[in-house]
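The values are calculated or read from the model by the stated rules, or taken from the named source; none is laboratory data. These numbers were taken from a predicted model, which means no experiment stands behind them. Because the Cβ atoms are built from the backbone with ideal geometry, glycine has one as well, and the counts that use them run over all protein chains shown. Accessible surface is based on the protein model in full, side chains and every heavy atom, while ligands, DNA and RNA are left aside. Shrake-Rupley method; radii C 1.70, N 1.55, O 1.52, S 1.80 Å.
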Amino acid sequence: MLINPIYNLLVVSTSTIHGSGFLDYIKEDFVKFIASDELLFIPFARPSGISFDAYTAKVQEALDDKNIKVTGLHEFQNKKKAIQEAKAIFVGGGNTFLLLKTLYDLDLVHQLRVQVGKGTPYVGTSAGSNLTGLTIGTTNDMPIVYPPSFDALGFLPFNINPHFLDPDMNSTHKGETRETRIQEFHQFNSQPVIGLREGSWLKVNQGEIKLEGTLTARLFRPESEAVELAPGLINF
């Protein structure tokens, strides 16, 4: 699968892992990746209904010790210009449907595609990672709002399933596993899906995709057995 060699992406399963603070476990890689003391933050996913200001402040607090200035996109009157001038972009997690709807409503989807296509570093966590794929059809979120399209930013030629969970053999829950739901997705959709476990992320640079972290990821294709991807370069 061909990836635009200009893209610089950090596609992160989650912002917070068990026993760690917000962005703590990935902070060093995050800071090295953006290579900037300024960060444009897109807070539109609003986890738990948090306000744009409070969400932006949370990111700023997490990066204070790295002397990075964080500014929320909502603070700009001309949001397209803010994206055009961004040194690095971070799209936080929360509700993917709300995030994508807000971007469409503000007519910012195309501008994000253009800017990242010029090489501006893009970091996504959770919902922000969902947006890097072809569609948001493999998000784990409730459809609390209805975006005009499920088409995402399309930086990657597959879909992302962040927070991927393996079946718990000791659980009494009889509902669908995450793998079952992805299989249901593949009854009607043809694109591959990569399930990213907590603490894992994809780094995309110079047309290559590298799985980072210590865990494997799970690759799903229609009418095929799922396979485990080891950390390192991913070759489809």
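Observations on the model:
- Relative contact order for the chain, counting Cα pairs under 8 Å that sit 6 or more residues apart, in percent: 23 percent
- For the range 89-120 versus the range 161-236, the inter-centroid distance based on Cα atoms is 23 Å.
- Amide H to amide H distances under 5 Å link residue 95 with 46, where only residues 5 or more positions off or on other chains count and H is placed in the peptide plane.
- Under a Gaussian network description of the chain, with springs only between Cα atoms under 10 Å, the residue in 192, 148, 47 that fluctuates furthest is 148.
- Farthest positive-ward along the range 62-213 dipole, Cα basis, beta-carbon charges - from 99, 164, 193: 99
- For residue 161, nonlocal amide neighbours, meaning residues 5 or more places apart or on other chains whose placed amide H falls under 5 Å from its own, are 194, 195, 196.
- Helix-only arithmetic for the chain: the sum of -39500 (n - 2.57) across DSSP H runs with n ≥ 4, divided by the residue total, places the mean residue ellipticity at 222 nm at -6500 deg cm²/dmol.
- Taking only protein heavy atoms and a 1.4 Å probe, the accessible area of the chain is 49% carbon and sulfur.
- Within the range 146-194, the trypsin sites (Lys or Arg not before Pro) that combine a DSSP coil assignment with at most 15 other C-beta atoms in a 10 angstrom radius are 174.
- Contact order relative to length of the range 115-216, as percent, for alpha carbon pairs under 8 angstrom and 6 or more apart: 22 percent
- Residue among 132, 180, 14 with the largest mean-square fluctuation in a Gaussian network model of the chain, springs linking Cα atoms under 10 Å: 180
- Sparse packing (at most 15 other Cβ atoms within 10 Å of the Cβ) combined with a DSSP loop state is found for the following GluC sites (Glu not before Pro) in the range 105-213: 176.
- 26 Å tail of the calculated P(r), the chain, as % of Cα pairs: 33 percent
- For the range 183-228: relative contact order, % (alpha-carbon pairs under 8 angstrom, 6 or more apart): 40 percent
- Rolling a 1.4 Å probe over the heavy atoms of the protein chains gives the chain an accessible area of 49 Å² per residue.
- Straight-distance candidates among the lysines for linking to residue 69, with alpha-carbon spacing under 30 Å and chain neighbours fewer than 8 residues away dropped: 27, 32, 58, 79, 80, 81, 87, 101, 118, 203, 210.
- In order through the range 45-58: 3J(HN,Hα) via Karplus (6.51 cos²θ - 1.76 cosθ + 1.60), integer Hz, x for Gly, Pro: 6, 6, x, 6, x, 4, 6, 4, 5, 5, 5, 5, 4, 5
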